[in-house]
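The values are calculated or read from the model by the stated rules, or taken from the named source; none is laboratory data. Note that this is a predicted model, so its numbers are computed, not measured. In this analysis, Cβ positions are derived from the backbone assuming ideal geometry, glycine residues included, and neighbour counts consider all displayed protein chains. Heavy atoms of the whole protein, side chains included, go into the accessibility calculation; ligands, DNA and RNA do not. Shrake-Rupley method; radii C 1.70, N 1.55, O 1.52, S 1.80 Å.
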Amino acid sequence: MLRVVGQLNATYVVCEGPDGMYLLDQHAAHERVVYDRLLARPESEPAGVQPLLEPIVLELEPVLAATLDEHRASLGRLGLDTEPFGERAAVIRSVPAGLGARDIVEEVTALLQKLEGEQRVTDPFGRAAATVACHSSVRAGMLLSMEEMRRLVEDLEHTTAPRTCPHGRPTLVHLGTDAIERQFGRR
């Protein structure tokens, strides 16, 4: 339904729709797409995983160590393979595909911080999936090709809740043709 026109500030996908212009927040939209895919994946199907060549020891604050312990099984289903290593540390053996391109210790720590503060999604697996989806989605400021933008719009149209990310932020904003015409003095 939406035709991709371009990208604004390497953050928003500009689209033309049936009644005006739509701006998609590329991060929130991709987060929704990734989240729905994670929830739709059968438990028996392996997650997209990036095994580490060498395990990484992650030192954690007590609250984050408790968060990891609480969500270890859910995070494991999503590709984050960890095991306890003393009271406040964990060994990371693999990460969800999409996290490995960055500093893994920093990314896993940020993921646990966000998971610890997550309030909008209630079930443990959904909370972990929303957090992993956020951390493995395209970011604001990333240039996307026309094909990547088209694919994102198409994938978003097939999600369960295309208007919001799993955390409740809007994925798109609509500016109607009437409002645009009023701005240009045509109405």
inquiry  = Need one value: the accessible area of Val173 in square angstrom, 1.4 angstrom probe, rounded to the nearest 10.
reply    = 90
FRET efficiency estimate (nearest 0.05) - Cβ-Cβ, Arg187 to Glu157, R0 30 angstrom = 0.50
note = Sorted by chain and number, the residues with a modelled amide H under 5 Å from that of Asp81, at a separation of 5 or more or across chains, are Arg93, Ser94, Val95
request  = Grab the eigenvalues of the alpha-carbon gyration tensor for region 1-146, scale each by 5, take roots, and send me the semi-axes largest first in whole angstrom.
outcome  = 32, 16, 14
note = Stokes-Einstein, Kirkwood over Cα pairs, region 66-187, 10 °C, 1.306 mPa s; D in µm²/s equals 94
query = Over what distance in Å are the Cα centres of region 118-187 and region 9-41 separated?
reply = 3
Test item: Cα-centred dipole of region 132-187, Lys/Arg +1 and Asp/Glu -1 on Cβ, debye = 280
query = So what are the ³J(HN,Hα) numbers for region 53-59, from phi and the Karplus equation (6.51, -1.76, 1.60; θ = phi - 60°), rounded to whole Hz, Gly and Pro as x?
reply = 5, 10, x, 10, 8, 10, 7
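Return one whole number: the accessible area per residue of region 100-187 in Å², for a 1.4 Å probe.
Numbers: 5100 Å² over 88 residues.
Averaged over the residues of region 100-187, the accessible area is 58 Å².
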request  = Apply the Karplus parameterisation 6.51 cos²θ - 1.76 cosθ + 1.60, with θ equal to phi minus 60°, to every residue of region 25-40 and state each ³J(HN,Hα) to the nearest whole Hz, in sequence, with x for glycine and proline.
outcome  = 6, 4, 5, 4, 5, 5, 4, 4, 4, 5, 4, 4, 5, 5, 6, 7
key: Solvent-accessible area, 1.4 Å probe, carbon plus sulfur percent, for the chain   = 53
